2 protein chains.
Amino acid sequence: MNRFQLFDQIQRKNSYLCVGLDTDLEKIPQHLLSEKDPVFEFNKQIIDATIDASVAYKPNLAFYEALGTKGWESLQKTLEYIPKDIFTIADAKRGDIGNTSSLYAKAFFENMNFDSVTVAPYMGEDSVKPFLKFKNKWVILLAHTSNMGAADFQLIESKANGRRLYEEVMLRAQTWGSPDQLMFVVGATQADKIESIRQLAPENFFLVPGVGAQGGDLEQVSKFGMNKQCGLLVNSARAIIYASGEKDFAQAAKREAERVRDEMKIYLDKYL
Amino acid sequence: MNRFQLFDQIQRKNSYLCVGLDTDLEKIPQHLLSEKDPVFEFNKQIIDATIDASVAYKPNLAFYEALGTKGWESLQKTLEYIPKDIFTIADAKRGDIGNTSSLYAKAFFENMNFDSVTVAPYMGEDSVKPFLKFKNKWVILLAHTSNMGAADFQLIESKANGRRLYEEVMLRAQTWGSPDQLMFVVGATQADKIESIRQLAPENFFLVPGVGAQGGDLEQVSKFGMNKQCGLLVNSARAIIYASGEKDFAQAAKREAERVRDEMKIYLDKYL
């Protein structure tokens, strides 16, 4: 999917919501456990319930890998179930040297047909570039994450140029790929910084986790983070997919996704 | 496996060789492709051929993920085939926030029974610590890698304390876990720096890729990198597993692994 198609979806749905498919057998409603593939069954019902209010789905690979080959099957079926006009994110946080990164890229972009994959920047240019060789596929590079440990290394200031590590990552990465193939992960818990982070990368989409369960502020993020093509995908996982742990989980997810979408519509009208 | 068991293996075998199982269907001998599980068959024969000369095996997950669920099956069978007194490394370079890292840890340490997993430090303490909660399991944290792009971020010097990023990673991480559960990835292409890198972490094992195909110098690495318990696992993949592309691939791998082991024996006698 290209940038214009993504923006088109956002405008048509009045939403920049990404639903995180962090599907955990211990948290899904008990009645699904008798299904042949409970993870896929859960995802399918969540997708059906939220698709009118969301523009992207993001399975975090850890939840699927923890289930071994069965998990990979559930993931593959989930990907096949998501309509092609919806943006898909393999939240894998991969990063390895050149030829190995190419294999990861192949796994996610070709075998599974994801639109994008999250990538960790620590190993530098040759670990990221192989992912950028695929047309209309995206790298979503970790920049300033939403967790506590983000402060450990991402905020280190460089002696040479005074930039913090995440700033250096964002500036350097823009020399590797265009805003048509490169997004950044920017945690909503950094809402107070998002205005300055936007200045570092005016054109790129940001994938913003941490709104909801982690306490980020959606209006703040939207007001200071939006660009002319919205430029935001705001992820919510637990707050939507586990809105209810009972048989009404899909309706509850729908209500919560639509509540977020309605809020997003206000910000799109106000700030876009 | 604990540190003493690992050192015991090294002494008994006169080797600190780790064989990288970067098994690629396009590179393995053609006659194996008619096997039911060519990847496992190749690994099995490589393991049989090299086990007397090596103390560890390291499958890089990318090669297996690129094959989908079949690849995970080959990987699982490979792990089950490796004897329990051999150290195993999931070269996965994972790293995510807390609860998600716990799931990756579960996937590698419990489901697959790997002894260790490589982890990327970018997201900081709470992305690494979940892996450190498993007894006699190891985190191998990326510090100074062997690829070109290592220079992009790992060498950035901190304004606050003058330390380079990889130095900060190594020092900070030692406050999270002991040398009984924490190793570092230090590329052999940094052989000229390995003496100073050793001073940063006197007790920890280093996993050293880049000897052989990537041009690192084994004597240099051994002379300046060894500590009292050897403290080195030197990885070689392509030079061993693809020593021959013909039917004699296993014998060729054996010869190459034994050649490296014989060289390592000299350095163990000389520098340990």
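All of the numbers you see were taken from the coordinates with simple rules; none came from a lab. From a predicted model like this one, the values you see are computed outputs, not experimental measurements. Methodologically, a virtual Cβ is constructed for each residue, glycine included, from the backbone with ideal geometry; neighbour enumeration extends over all protein chains shown.
Antiparallel beta bridges, as assigned by DSSP with both residues in the protein assembly as shown, represent about 10 percent of the total such bridges.
Label-to-label distances for B:GLU246 across copies, nearest first, come out at 7.2 nm, using points 7 Å from Cα in the beta-carbon direction.
Just need the relative contact order of chain A here, percent rounded to a whole number, with Cα pairs under 8 Å and 6+ apart. The partial results should precede the final answer.
Numbers: 497 pairs, mean separation 58.4, N = 272.
Contact order relative to length: 21 percent.
Calculate for chain B the 222 nm mean residue ellipticity that helices alone would give, adding -39,500 (n - 2.57) per DSSP H run of length 4 or more and normalising by residue count, nearest 500 deg cm²/dmol. After summing the helix terms and dividing by residue count, I get -11500 deg cm²/dmol.
Close amide H pairs (under 5 Å, H built 1.01 Å from N) link B:LEU141 with B:VAL119, B:MET183, B:PHE184, B:VAL185, residues at least 5 positions away or on another chain.
Where the only charges are on Cβ atoms (+1 Lys, Arg; -1 Asp, Glu), what is the dipole of the range A:11-130 about its Cα centre, to the nearest 20 debye? Numbers along the way, then the final one.
Details: 13 positive and 18 negative charges, 39 e Å.
For the range A:11-130, the charge dipole is close to 180 debye.
Using Cβ point charges alone (K and R +1, D and E -1), the dipole size of the protein assembly as shown about the Cα centre works out to roughly 440 debye. A DSSP coil position with no more than 15 other Cβ atoms inside 10 Å describes the following trypsin sites (Lys or Arg not before Pro) in the range B:187-253: B:LYS228, B:LYS247. In plain terms, the C-alpha convex hull of the range A:3-271 casts an average shadow of 13.3 nm² when viewed from every direction.
Among beta bridges from DSSP that stay inside the range B:3-271, the antiparallel ones total about 5%. FRET efficiency for B:ASP217 and A:LYS77, Cβ-Cβ distance as r, R0 = 35 Å, nearest 0.05? E(calc), rounded to 0.05, equals 0.10.
Ascending distances from the A:ASP37 label point to its copies in the other chains, with the point 7 Å along the Cα-to-beta-carbon line: 2.1 nm. Classify the range B:1-131 from the C-alpha gyration tensor, please: rounded if a/c falls under 1.5, else prolate or oblate depending on whether a/b exceeds b/c. It comes out oblate by the Cα gyration axes. Charged side chains reduced to their Cβ positions (Lys and Arg at +1, Asp and Glu at -1) give chain B a dipole of some 540 debye around its Cα centre.
If you wrap the Cα atoms of the protein assembly as shown in a convex hull and average its projected area over all directions, you get 22.9 nm².
Inter-copy label distances at B:ARG12, shortest first and taken from points set 7 Å along Cα to Cβ: 6.4 nm. Applying a DSSP loop filter and a limit of 14 other Cβ atoms within 10 Å to the trypsin sites (Lys or Arg not before Pro) in the range B:37-113 leaves B:LYS84. Binning the C-alpha pair distances of the range B:126-268 at 5 Å intervals from 0 yields a P(r) profile of 2, 10, 18, 19, 18, 15, 10, 5, 2, 1, 0, 0 %, listed from the shortest bin outward.
Pairs from the list A:LYS70/B:LYS129; B:LYS193/B:LYS270; A:LYS84/B:LYS93; A:LYS58/B:LYS129; B:LYS58/B:LYS93; A:LYS36/A:LYS93 with a Cα-Cα gap above 22 Å: A:LYS70/B:LYS129; A:LYS84/B:LYS93; A:LYS58/B:LYS129; A:LYS36/A:LYS93.
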